[in-house]
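> The structure that follows is given in the form of structure tokens.
The values are calculated or read from the model by the stated rules, or taken from the named source; none is laboratory data. Keep in mind the model is a prediction, meaning the values are calculated, not measured. Note that we place each Cβ from the backbone using ideal geometry, even for glycine, and neighbour counts take in every protein chain shown. The accessibility values were calculated without ligands, DNA or RNA, using every heavy atom of the protein model including side chains. Shrake-Rupley method; radii C 1.70, N 1.55, O 1.52, S 1.80 Å.
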Amino acid sequence: MKKLFIKNLSGLPQNSSVIMPGWIAQKRHFGKLLFIDLQDSTGSIQLVIEKDTIGEKNFGDALRIPLESAVEIEGLFQTNPRGQNEILVKKIQVITEATLQISPRPRSDFDIFDPKISAQLLDYRHLYLRNPKIMAILRFRSQVMAIIREWFELNEFLEFDAPILTPVPLYPGNIAMPINVHGEQVYLSQCAGFYLEAAVHAFERIYNMGPSFRGEESRSKRHLMEYWHIKAELAWGNREDIISIVENLLQFVTTECQKRCQDIFEILEIDFCTDGLKAPYPRLSYEKAIEWLKANSFNDAKFGESLSTAEEEALSTLFSGPFWITDVPRSVEPFPYVINPEDSRVTMVADLIASNGYGELLGVAEKIFDSKMLEGRMKEKGLFDNPNYQFIKDVHQAGCVPHIAFGMGLERLIRWLLNIPHVRDAIPFPRVVRRHIMP
């Protein structure tokens, strides 16, 4: 078992004997000297191979090892006159020779966001996971998930596992992804909300982090068919409470990422977005947003319809950071959300729009606890007589209390924080509309 990693070498004394397995990323040949960049999961180190040290035959063999091959080397750890760590190689053994060669090579230095090679990177995603920059994004993803879980634990939320297969989609129609299970049509989960709503009446503060699935025909830079959803519900709260909670969470995530992820930002050569620190975030009502859009040449903007990506981008120019769009119309939102008592056209919902034109990041809502309001909304959406929704009615007829929720796409959060072009870059194996699911 491997016990020594490249990141651990800096603590070793000069001329320490080391055995280091890894992969060959680059080679440079100058006469009797061969330099190899060896990578492992923690970084890269230069290998120095001298013909006079390892012999002519071994030197020739080393020259012929294909890039991407797995090797194990024995040698002496050193720091060269330029202050760089390197290993003077005494022996090199090929573990597995790389026979498949693709361009650009997975471990080489290239622009992973170049649209000209995006199809290539998706076709061979199983190999390009080895690229240091893609690795850095996925490390960041893991760190963000850990930080979010840490915040939930600090705030006494219980992690609750919701099912993936469900008889009740949140958004009916072609957005739902049906699946046949032993002759019964069910759906891949769009949202854990119905199950968190049941559980919040037992545990009061709960959260879920898991996959969600939506089949909407959108090829925007913030849509995937399969993505990870961060959901939370709390009993005994209102919209003001959930807005404050989300702002606190985003401040915490931004602060902790700044502390823990500087090495990742250096690898990616990006400016980390700190706009999440600007809480409290300003608010704009949906109605005012529509008025502004109409006054600024968005002639198709219409009350009662979802804002388009272009409309959200235009609205983001009004603010220097993220902002809330409040009071989203009941025609846009699904049935579980409270109707605004002061304006029956709209719901007690707010969507957080990310800064810099990155669009909707998350949504918060007061959820219906009154069974009469629930009945009215379900009838409005044509769902009241559907027996699959009976368990939701049961919850509202058994001591249901005011409760609040938020839902956020993990990949959207990562895209915004890292300032990267597309959510597909924020997930290990992206599932994009109208693209063959492979690998």
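> Output the qualifying pairs, or none if there are none: Cβ atoms under 6 angstrom, residues six or more apart or on different chains, first residue in region 145-165 and touching a residue at least 12 places away in the same chain (Cβ under 8 Å), second residue hydroxyl-bearing (Ser, Thr, Tyr) and in a loop (DSSP other than H, G, I, E, B).
164/189
> Of all residues in region 157-190, count the ones that are at positive phi and surrounded by 15 or more Cβ atoms within 10 Å (Cβ to Cβ).
Residues in region 157-190 being at positive phi and surrounded by 15 or more Cβ atoms within 10 Å (Cβ to Cβ): 0 in total.
> If a residue has to be small (Gly, Ala, Ser) and surrounded by 15 or more Cβ atoms within 10 Å (Cβ to Cβ) to count, how many in region 287-305 make the cut? Don't jump to the end; show me each part of the working.
Step one: filter region 287-305 for residues small (Gly, Ala, Ser), giving 289, 295, 297, 301, 304.
Now narrow it down to the ones that are surrounded by 15 or more Cβ atoms within 10 Å (Cβ to Cβ): 289, 301.
Within region 287-305, residues that are small (Gly, Ala, Ser) and surrounded by 15 or more Cβ atoms within 10 Å (Cβ to Cβ) number 2.
> Go through region 224-240 and report how many residues are surrounded by 15 or more Cβ atoms within 10 Å (Cβ to Cβ) and part of a helix (DSSP H, G or I). Working first, answer last.
So in region 224-240, the residues surrounded by 15 or more Cβ atoms within 10 Å (Cβ to Cβ) come out as 224-235, 237, 239.
With part of a helix (DSSP H, G or I) added as a condition, the list becomes 239.
Looking only at that region, the number is 1.
> Follow-up. Being of a type in the set (Val, Ile, Thr), touching an Asp or Glu at 6+ places or on another chain (Cβ under 6 Å) and in a loop (DSSP other than H, G, I, E, B) is the filter here; which residues of region 293-344 pass it? Write out each step before concluding.
Our first condition is that a residue be of a type in the set (Val, Ile, Thr); within region 293-344, this holds for 309, 317, 325-326, 328, 332, 338-339.
Filter again for touching an Asp or Glu at 6+ places or on another chain (Cβ under 6 Å), leaving 325, 338.
The one that is of a type in the set (Val, Ile, Thr), touching an Asp or Glu at 6+ places or on another chain (Cβ under 6 Å) and in a loop (DSSP other than H, G, I, E, B): 338.
> Check whether at least one residue in region 194-204 is within 20 Å of the chain's Cα centre (by Cα) and either farther than 23 Å from residue 422 by Cα or among the aliphatic types (A, V, I, L, M) (or both), and report yes or no.
We begin by selecting, within region 194-204, every residue within 20 Å of the chain's Cα centre (by Cα); these are none.
The answer is no, given that none of the residues of region 194-204 is within 20 Å of the chain's Cα centre (by Cα) and either farther than 23 Å from residue 422 by Cα or among the aliphatic types (A, V, I, L, M) (or both).
> Related question: Can you find, within region 43-52, the residue that is farthest from the chain's Cα centre (by Cα) among those that are open to solvent by less than 60 Å² (accessible area, probe 1.4 Å) and under 14 Å from residue 73 (Cα atoms)?
49
> Any residue in region 361-387 that's among the aromatic types (Phe, Trp, Tyr): show its pairings with residues that are exposed (fewer than 14 other Cβ atoms within 10 Å of the Cβ) and at pLDDT 95 or above at Cβ separation under 6 Å, as long as the two are six or more apart or on different chains.
Cβ pairs passing all conditions: 369/401.
> Further, regarding this structure: Select, from 146, 176, the only residue that is under 22 Å from residue 225 (Cβ atoms) and within 23 Å of the chain's Cα centre (by Cα).
Details: 146 fails: under 22 Å from residue 225 (Cβ atoms).
Only one candidate passes the filter, namely 176.
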